Amino acid sequence: AASKLEVSMPAVVEAESGSTARLECNFHIPGNGSYTYIDWFYMDQSNRVRLYHITGSESLEESTDYKGRLALGEDKALSISRVTMQDAKTFVCQVGAGSHGVAENHTELHIYKVPEVPEITANPGGISVQSSELSQIARCVSKNSFPAPSITWHKNGEQLEENKEAKISLTRTRESSGLYTVTSTLFARVTRQDRHSRYHCTVHFHLQGQARALESQRVNITVFYPAEHVELLVMPSSALVKEGDDVKLVCEADGNPAPVFSFYKRELDDSWQDLSSVAGADSGVLNLYDVKKSSSGLYKCQTLDLDDMGQLEKDVELVVNYIEGVHVEMEPPSPVQEGDSVKLSCDAHSPVALDYQWRDEKGRKVAEGKQLFLKNLTFETSRNFSCKVMAPSVPGLEQSKQVAVAVEGKPRIVAVSSPLYVRQDDVVTLTCKAIAFPKPSVHWSVNGTTHEYVENQHIASNLTVKVNHDLLRAGAMCRVSNSLGVIEEHIQLLDQKTPESKGVIIVAIIVCILVVAVLGSIIYFLHKKGKIPCGRTGKQDITRPEARKDKIVVEVKSDKLSEEAGLLQGANGDKRPATDQ
């Protein structure tokens, strides 16, 4: 056990700004004696300022700048609330114990403030790789910290050290709040590869004896460097360009900023035509609209770097695919006669392989290949055929050529309105339809109003005429002719009976039917009464009025007996002996 009065306190107490700091004062009095008083002080430079005076019966707080923020614990520990940077001082605890004397100890109160996340700002301009001096890469700012932290720089995750290629400047500013603002700036030399580099800064500080760190966002910088390579592209691909297309020649260089572009086309005399005046050429794009066969050739792109005046160039061959000279031949040549056969041959020129297809005038495919054979031609055969020439390797490259197949022949009448049932004085329309080439003319043997129209190579003539006796008797003649022949067709007109005469005939027929029905009924009635003999064996007198049965004798042969008996049985519905009938 200690033989004298002892006071023990932690050497250092840390508290975050705004929190409550607790300062403990532990003491030992020999013989378990009691203290007489306890005083708390803080050091103001070399002077002591008392905060509290504590005796066995009371605790007295002095009037100081800390009044209102102090609290005393049961163990006589001193608590300071809402600490600030100004509270970072030395605090003393003094204990008096009568005959055991006086003892004291002190604690250093450290106030800390965790810094905010650092803010990084990259150089807003570009940095040239050809710069002879170190260039500012970025600046990093850490605000509101205590004590002042340290800052390190990193590129692509690796810490940078100061050397002849990199330099770091650091400034610390203490604000009125007592907190620090620390600013660090990185200067370095850049290379072409740094266009992809990512930079960040890290703020380092200690918290309760532990090392802590906060990282900024990653940023990249703009690096200026001259072009080393240039490419000249044809869009769409040169293999697919055809006449009529819009083509772009795109010149790309790997320098930053982009160099100045110029375009040229080689002429037949090996000179170069300057195309730089074309809109957009200075931006590296040469637009060629509605290209022709003559647009084919060698094109060159040239770049000029304004920083070091270096030049690069690249050329490309533009091939404009085309189809030309499409022609169709017919053997024998047109016109041909009905029943003839012809051969159509199609050909064209192109730098790529071609396919041939034949279509009729309705657009239907009829054959493939260079030749089309047409046999046994008629007027109805399609008059127009087209040869469609296509380049399979160049989508959309195609051309067509049309040919007319004229089939000549004398007229052929295909339809007439005959026979035609008419009535006297009716107004009727007679129709005559024919086909021929050259176009025929139609004439009628009677006068009337005519109307002609052409439909699907047929010519039709309608004659409107009033029916009279002569027209009913002779009919009408349709005559169709062209330079190759004439054909005629007779139209017969038949008199159509009036409705009255039809009615008379119908009435006569009905009357006849009624007469036959009445006669049949009378005969059947007489038969039922036995007035009419039928099927008797031997001789039978037929009774007549006025008892003259002896005047007429009917003889019926016996070989008819069985047949007649059967007929009578069927008629009367009962069976009787023949002698009783």
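Table for the structure above
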item	result
For the chain, share of DSSP beta bridges that run antiparallel, in % to the nearest 5	90 percent
Region 123-231: radius of gyration and largest Cα-Cα distance (Dmax), Å	16.3, 60
Nonlocal amide H pairs with residue 189, under 5 Å, H built at 1.01 Å	135
Lysine pairs in region 324-405 with Cα atoms under 15 Å, if 8 or more residues apart or on separate chains	9
Selection from 413, 134, 115 lying farthest towards where the dipole of the chain points positive, charges on Cβ	413
Dipole axis of the chain (+1 Lys, Arg; -1 Asp, Glu on Cβ), positive-most option in 385, 319, 306	385
Nearest-10 value in Å² for the accessible area of residue 423, using the 1.4 Å probe	100 Å²
Shape call, the chain: gyration tensor on alpha carbons, a/c limit 1.5	oblate
Phi-based couplings in Hz for region 74-89 (Karplus 6.51, -1.76, 1.60; Gly and Pro marked x)	4, 8, 6, 6, 9, 10, 10, 8, 6, 5, 10, 4, 5, 7, 6, 9
Solvent-accessible surface ranking, highest first, for 246, 39 at 1.4 angstrom	246, 39
Backbone HN-Hα couplings from phi across region 467-480 [Karplus 6.51/-1.76/1.60, Hz, Gly and Pro as x]	6, 10, 4, 5, 5, 5, 6, 9, x, 10, 10, 9, 10, 10
5 angstrom amide H check on residue 426, placed H, neighbours 5+ away	467
Residue-wise HN-Hα coupling along region 506-521, computed from phi with Karplus coefficients 6.51, -1.76, 1.60 (Hz; x: Gly, Pro)	5, 4, 4, 5, 5, 4, 4, 5, 5, 4, 4, 5, 5, 4, x, 5
Dimensionless Rg ratio for region 1-141, taking C-alpha atoms and the 2.2 N^0.38 Å reference	1.66
In Å², nearest 10: area of residue 139 left accessible to a 1.4 Å probe	120 Å²
Taking region 409-495 and dividing mean pair separation by its residue count, relative contact order in percent (alpha carbons under 8 Å, at least six apart)	40 percent
66, 421, ranked by accessible area, largest first (probe 1.4 Å)	421, 66
Unit charges on C-beta of K, R, D, E only; dipole of the chain, Debye	4320 debye
Reachable aspartates and glutamates from residue 76, criterion Cα separation under 18 angstrom, eight or more residues apart if same chain	6, 24, 39, 58, 61, 62, 104, 108
Qualifying GluC sites (Glu not before Pro) in region 1-108, DSSP loop, other Cβ atoms within 10 Å at most 11	58, 74
Most to least accessible of 225, 524 (protein chains only, probe 1.4 Å)	524, 225
Amide H within-cut-off set for residue 415, under 5 Å, with H built and near neighbours excluded	433
Cα-based shape type of region 336-486, given that a ≥ b ≥ c are square roots of the gyration tensor eigenvalues and the cut on a/c is 1.5	prolate
Helix-only CD estimate at 222 nm, as mean residue ellipticity for the chain, using -39500 (n - 2.57) per DSSP H run (n ≥ 4)	-2500 deg cm²/dmol
Accessible surface of the chain [probe 1.4 Å, protein heavy atoms]: carbon and sulfur percent	50 percent
Distance between region 17-33 and region 208-234 - C-alpha centres, whole angstrom	55 Å
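The values are calculated or read from the model by the stated rules, or taken from the named source; none is laboratory data. Remember, it's a predicted structure, so these values are computed and weren't measured experimentally. Here the Cβ is made from the backbone with ideal geometry for all residues, glycine too, and neighbour counts use every protein chain on show. These accessible areas exclude ligands, DNA and RNA; they are computed on the full protein's heavy atoms, side chains included. Shrake-Rupley method; radii C 1.70, N 1.55, O 1.52, S 1.80 Å.
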